[in-house]
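> Before I ask anything, here is the structure I am working with.
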Amino acid sequence: DLAQTALGIAKIVKSIERSGRRPSDSLGQILHDIFVGDNSTWKELIFKEIAVASMRILPDFDARHLSNLIYAFGIVEFSPMFEDGSIFFDLVALEAIPQLKTYNS
């Protein structure tokens with residue numbers, strides 16, 4: 001699902017960022033360039049698209065999926081703003097707050 005995909009990509013991004021160096025293998029170079037190089041433009045584009053896609057199905061997310069989606073965006077330290085001026089985390093919070101009692105502490 002979308003939340004798990006976002007979380008998986010976020011963990012890859014964090015791992016690449018944490019390495020602190022450009023990898024010597026071709027796959028590592030490609031991933032580094034996409035997620036870390038050029039001011040992370042591609043990372044932001046990818047996560048902006050994930051945010052847009054999630055808005056259409058957000059009411060269907062259960063507490064675990066909302067939590068994973070929030071965590072994924074936190075890992076990559078990106079909170080997209082939409083064209084109408086709304087902020088991703090504000091919209092997700094509107095869905096998450098009614099489900100707070102179902103979250104694990």
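> Being more than 21 Å from PHE35 (Cα to Cα), touching a residue at least 24 places away in the same chain (Cβ under 8 Å) and under 17 Å from the mean Cα position of the chain (by Cα) is the filter here, so list the residues in region 86-105 that pass it.
Listed by number, the residues that qualify are LEU91, VAL92, GLU95, ALA96.
> Here is a list: GLU77, GLU83. Which entry is open to solvent by 60 Å² or more (accessible area, probe 1.4 Å), modelled with pLDDT of 90 or more and over 16 Å from the mean Cα position of the chain (by Cα)?
Details: GLU77 fails: over 16 Å from the mean Cα position of the chain (by Cα).
Within the list GLU77, GLU83, the selection yields GLU83.
The values are calculated or read from the model by the stated rules, or taken from the named source; none is laboratory data. Every value quoted in this text rests on a predicted model; they were computed, and no experiment measured them. Positions of Cβ are backbone-derived with ideal geometry, glycine not excepted, and every protein chain shown enters the neighbour counts. Protein only, heavy atoms only, side chains kept; ligands, DNA and RNA dropped before computing areas. Shrake-Rupley method; radii C 1.70, N 1.55, O 1.52, S 1.80 Å.
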